[in-house]
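Only one structure is covered here, and it is reproduced in the block below.
The values are calculated or read from the model by the stated rules, or taken from the named source; none is laboratory data. Since the model is a prediction, treat every value here as computed from it, not as a measurement. Virtual Cβ from ideal backbone geometry, glycine too; neighbours counted across all protein chains shown. What goes into the accessible areas is simple: the full protein's heavy atoms, side chains included, and nothing from ligands, DNA or RNA. Shrake-Rupley method; radii C 1.70, N 1.55, O 1.52, S 1.80 Å.
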Amino acid sequence: MGMVMGNIVGGALADRLGRRMVIRCAQVSSIIGWILTASATNHGVMIFASLILGLARGMTTDAMLILLDENSDARFRGTANYCVVVFYMVGMLAVTGVASLLLKWRLVAWLALIGPVAVFILTFFIPESAMWLVRHGRQEEATLALKRLWGRRHRDKAQQELIYFMKRAQKEQLLWKKSFGDYCRALRSRHVYKPFVLSVIFFILNIFSGTYLFMYYTVDIIATALRGRKHQMDEFSAATVAGFIRLVILTVTCTLLYVVPRRMILLISGIGTASCMLILGTMLHLNLSGNLMSELSEERLSLTLIFLYACFSTLGLIVLPFLMMGEMLPNRIRGFASGVICSFNDTLMIGVVKIYPWYSRIVGIEGVCWLFGGFSVLISLYVYLFIPETQGKSLAQIEEYFQQYNMLWITRPKSSHTGFELLNLTDTDKLCKEVEDGSPLEMSNPISNH
C-alpha cells in the first residue's frame, strides 16, 4: 500500500519539484522508516514503519528511473537501467546475508540506514534533468547540467539538445497552460495517450505471464512442480539457484542492451518463457495420467524448464517494461503518468498475489503453467505488433514517433528502416509551427554565452 501511494505521490512531485528533490525526500522518509523499525516496541509501529518504507521505495523508483532515462545517453540508457536492478538484487543479497550472520533484526535495521543516508548525500553530486530544468525556465542550470553530461568535447551536441528542449518547452507551455480546454485537448493527443495505453497493456500482460508472481512464489511453484520429490535438490535449494540465475542473466543483459535491440530481447524472452511453461504444463499433465517417464526424469526435466523459465523471464520481462515505459512517455507527463502506471501495476500485483493460492488449488500446477505460457505468447505477439524499437534513440526521437498516426509498429511509415527520423534544428522549428500564437525563442548560443 505504501508503494502504491509512493508511486502516485513521487510521480506527481517529480514533475513539480524535480527528480532529485523527490529522491531526497524519499530518502528522508526511508530514514524515518528504518529508525521506526529498529526502535519499534509493538506491531502497530512495525506496520506503520513498513508503510513509510513502502512510500519511500515507490517515490524513489519513479524519480530515479525518470532521472536516469533523461540524463543517459541513448546508447547506454538500457544498460544503465539494468545496472540499477543488478545492484538492487546485490543489495537484497547483502542485507539477507548480514541478517543471517548477525541474527539480530534491530541491528540490521540500524545498519540499513547507511543506504538512504548515502543516497541522500550522492544526490548533491549528480545533475538534475536538463529537460525538467528547461521546462521550468531554469536555462542556466540546464546549461551547466548538459555541459557536465556531454563533456567539453561534445559542446555542439549539448547546444542542439538545449535548443530543442527550449522550443519543446515553449510549445508545451502554450498547449498545457492556456486553459482547461487546451489541457484536455493535449491529454487526448496521440503522443500522450498512445504510449500510456501501450504501457498499461504491457504491464497487465506481463503480470499474468507470471514474471513477478514467480518471484513471490518461487518455493511454492517449484515444490508443487516437483510433486514432493527431492532426488536432485529440494525446493529451497532450487529457489536459491533460480535467484542466482536471475542475477547472472541481469548482469549479462546489461551488456547485451548496448548492442541488441529492445524488441529482439523482448521477443526472445516472451517466446522462451512461453515455450518453457507450455512444455512444463503439458509434461506434468501427461505424466500424471499416463506415467510417460520415471520420477527422476520428470524431476530433472521440471527443474531444467523452471531454470530456463527464470533465465528467459529475467532476460527481458522483468526490467524492460519499466525501462520502455520511461522511454515512451512524453516529457511533459512522464513523472505523473509513470506514477499512475506503476501504482496500477502494484495494485494489480497485490490482487494477483492474493488470488494465486486459490487459483492454483483449483487448476493445479498444470493450469498455472498453461496460464503463464499463454500470456507469454500474448506478450510476444503484442511486442511484435505494437511496441516500438527504442534502442539507441533519443527521448525526443521516440516522442516524435508517437506523433505519427499509426498505432501498430509494423504499419509505421517506411521512410526510414527504424521508423524514426533523425531530429535536427529544422525539425524543432516544425514543432513550433504547430502553435499559431507565441513569440519565438531567442536562439543564441546559450552554452557559449553562459
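For Gly33, the criteria (1) in contact with a Ser or Thr (Cβ under 9 Å, 6 or more places away or on another chain); (2) free of Cβ contacts under 8 Å to residues at least 24 places away in the same chain; (3) open to solvent by 50 Å² or more (accessible area, probe 1.4 Å) hold in every case but one, which is (3). Cβ separations smaller than 7 Å between residues 6+ apart or across chains give the following pairs from the stretch 214-232 residues that are under 16 Å from Pro357 (Cα atoms) to residues that are at pLDDT below 80 and assigned to a helix (DSSP H, G or I): Thr218/Ala239; Val219/Glu235; Val219/Phe236; Val219/Ala239; Ile222/Glu235; Ile222/Ala238; Ile222/Ala239; Ala223/Glu235. The number of residues in the stretch 118-143 that are open to solvent by 70 Å² or more (accessible area, probe 1.4 Å), in a helix (DSSP H, G or I) and at pLDDT below 80 comes to 0. Criterion applied to Phe312, Phe372 was being surrounded by fewer than 24 Cβ atoms within 10 Å (Cβ to Cβ) and among the aromatic types (Phe, Trp, Tyr), and the one residue passing it is Phe312.
Return a yes/no flag: does the stretch 68-77 have any residue that is closer than 27 Å to Pro127 by Cα, open to solvent by less than 50 Å² (accessible area, probe 1.4 Å), not acidic (Asp, Glu) and not in a helix (DSSP H, G or I). The answer is yes, given that some residue of the stretch 68-77 is closer than 27 Å to Pro127 by Cα, open to solvent by less than 50 Å² (accessible area, probe 1.4 Å), not acidic (Asp, Glu) and not in a helix (DSSP H, G or I). Taken over the stretch 285-330, the criterion of being outside any helix (DSSP H, G or I), of a type in the set (A, V, I, L, M) and within 30 Å of the chain's Cα centre (by Cα) is satisfied by Leu317, Ile318, Val319, Leu329. Being surrounded by fewer than 17 Cβ atoms within 10 Å (Cβ to Cβ) and outside any loop (DSSP other than H, G, I, E, B) is true of Gly44. Looking only at the stretch 246-273, residues that are among the small types (Gly, Ala, Ser) and within 24 Å of Val90 (Cα to Cα) come to 1 in all.
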